[in-house]
Structure formats: C-alpha cells, structure tokens
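Right, one structure below, let's go through it.
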Amino acid sequence: MLDNNISPVCIALGYFDGVHLGHQKVIECAVQLSKKLECNCVVFSFDGNLKRLLGNNEGKFLYSTAERESLIESVGASSLFEKANKTFLSKGKRAFLNYLNKKFLVKGYVCGYDYRFGKGGKGDTNYLTEYARAHGQECIIVPPVSLDGETVSTTEIKNLLSTGNVEKAKLFLGKPYSITGMVKSGRKVGRDLGFPTVNIKPEKDRAQLKFGVYSGFARFGGKKYSAIINYGTRPTFCKGEAVVEAHLVDFSSNIYGEKITVFFEKFVREEKKFLNRAELIKQIKKDLETLKEI
C-alpha cells in the first residue's frame, strides 16, 4: 500500500471489488499512462463496505480490502485506500477531485466507463474529463470489457458465485475466486475421519458463494496444495454458521492463527447431511478423485 502525499502520480479511480478483467484493464492503462508521464501509479479506492455505507443494506463485497490490495499489486500498481465513512462520502464531485489534488500532484486519471464519484454519485466521466482538461491533466476513460459477448461486471460475478459457477467466474476474474483468512480451530472432526482440514470463517459481508463441495487448491507458505473444499454450514454435525473447510492433499501441519488462501476451481456437488461416518468417508474419497480432473 502506498503512503499518503506521493507526488507526482497518475491515479486509477474505482472501488475495484474483485479486480476482474475490467478493473485490470483500468489499472493496466493507468500503469502505462504513468510510464508515459514519468510518475508513480496509484490505485485510489475505499476501505470498507462502500455499498453498505451508501445505503445498500444488501451490499456484499467479493474481496476484503487486504485481498484487493494484494490483487492490485499483482497487476503492477500500488494502492491507497481511504477509510470509507459518511463524512468523506458527503464530499461533492468537485470537492472530491480537489481533495485528490491537495493530496497528490496529479498528472492524470484513469477510470472505467461507468465510474461515479462525489456525493450522490453526481460526478461522472464527462465531469472528470472536463475537470482534468481545465487543470492541464490527462484523462483516460476505459470502455467495458466483454467476454463472449457479455460485459464483465462485479454484479455478474456475484451472480455466478451464488449459483456455484466458479468456472465462469474464473474467466471474468482472470483467476480463480479465492478466500483469504486466518485458520481457525475447529472440532477436528476431519482429522478424526482421516481427512484433516483448515477452517476459515468468511466475513459476514462477503458475497454469498453457493453452499457445496468444490475442488481447488490452497496457497500457504509459498507453496500450492491441491484441495477439496466444503463451503457451508456442515449439516452432518448440526453447525449453523457458514465456514470454509479445506482438506489439503499431502499437508497435515497445525497452522492455527496463520493466514491461508483457498481457491475454488470447480463445483463438485451439493452440501448434504450424511447418516454415518462410513458414508461420509466414502464420499470424501470420491470427492478427492475430482482433483485429478483439474
């Protein structure tokens, strides 16, 4: 993450929830513009659940701020996250841009075609272009990115995840959907069954992924491990809260309190309640066979 008061800069503007193909295009254009203008490139966004603060009580995010920061850096830019609060979000469109120009020596802006800013979202790409021209700054508006005739959008990715279509979501995201979190101590049922798991509790405001079993992988300690992942409420053991349980192949270390990232590659089956241990063990072995298809 970039420190405050960096100058001069080219700024990529947006919330960048998901850092999907469209977002990546915006960031890549900003990186190219910064090279042309011989300045730093910074992605300016907001920390926290922006949609909920704007009054959308159903607002859910794809990735946390820390996850977005990591994804932005993987595209080649630094990031600066402003704390999203009602005071800051009450700034008018001109006040918002003036704020950026007080914080940075802005050389140029890059944003998506549907970018809105300022109180009530009254600032749009036309206003940004006019403001930039008046201040001798460059401005690039990036058109929508389409895949097989469909516009890549965060809303569509959320819809795909809610139906378990992680394979198509991967195409829109440019990488498998993932969840990063601290490994929590569980009931150790998986270990007792011979299939130890690492457990992550997703944030309550994270977009809903369809409950079920997925094949995928996990990254920990700089290594990649194939994994079979259950995302759901664990009905066999009468647990009510959603949790990520991943069995990592050839991995049995105790990593409670450590951070791990779990990637969802393919939906395998619906979550179900098993009648006994033998039935569950048989199904887990069957689920593990699907890893050979990845």
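The values are calculated or read from the model by the stated rules, or taken from the named source; none is laboratory data. Only a predicted model underlies this, so the values are computations on that prediction, with no experimental measurement involved. We place every Cβ from the backbone using ideal geometry, glycine too, and count neighbours over all the protein chains shown. For the accessible areas, the whole protein counts, side chains as well, though only heavy atoms, and no ligand, DNA or RNA atoms are used. Shrake-Rupley method; radii C 1.70, N 1.55, O 1.52, S 1.80 Å.
Here are the numbers for the structure shown:
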| quantity | calculated |
| --- | --- |
| Translational diffusion of region 208-292, µm² s⁻¹ [Kirkwood Rh, Cα pairs; Stokes-Einstein; 20 °C; 1.002 mPa s] | 159 µm²/s |
| Cα long-axis angle, helix 125-134 against the chain (0 to 90 degrees, to the nearest 10) | 40 degrees |
| Residues of region 112-134 with amide N under 16 Å of a point placed 7 Å along Cα→Cβ from Lys91 | 116-124, 128, 131-132 |
| Kirkwood Rh, angstrom, the chain [1 / mean 1/r, Cα pairs] | 20.7 Å |
| Extension gain (nm, one decimal) between Ser7 and Ser74, 0.36 nm per residue minus Cα-Cα | 21.9 nm |
| Probe 1.4 Å, accessible area per residue of the chain, Å² | 50 Å² |
| Using distinct alpha-carbon pairs, which all enter the 1/r mean, Kirkwood radius of region 1-127 in Å | 14.7 Å |
| Inter-part distance where region 76-91 and region 96-151 are each reduced to a Cα centre, Å | 15 Å |
| Residue pairs, from the table Lys259/Lys286; Lys204/Lys259; Lys51/Lys204; Lys60/Lys83; Lys266/Lys292, whose Cα atoms sit over 20 Å apart | Lys259/Lys286 |
| Computed lengthening from Glu156 to Met182, 0.36 nm per intervening residue step minus Cα-Cα distance | 6.6 nm |
| Cβ charges +1 (Lys, Arg) and -1 (Asp, Glu), total dipole of the chain, debye | 680 debye |
| Sulfur and carbon atoms: percent of accessible area, the chain [1.4 Å] | 49 percent |
| Helix-only [θ]222 nm of the chain, DSSP H runs n ≥ 4, -39500 (n - 2.57) each, per residue, nearest 500 | -9000 deg cm²/dmol |
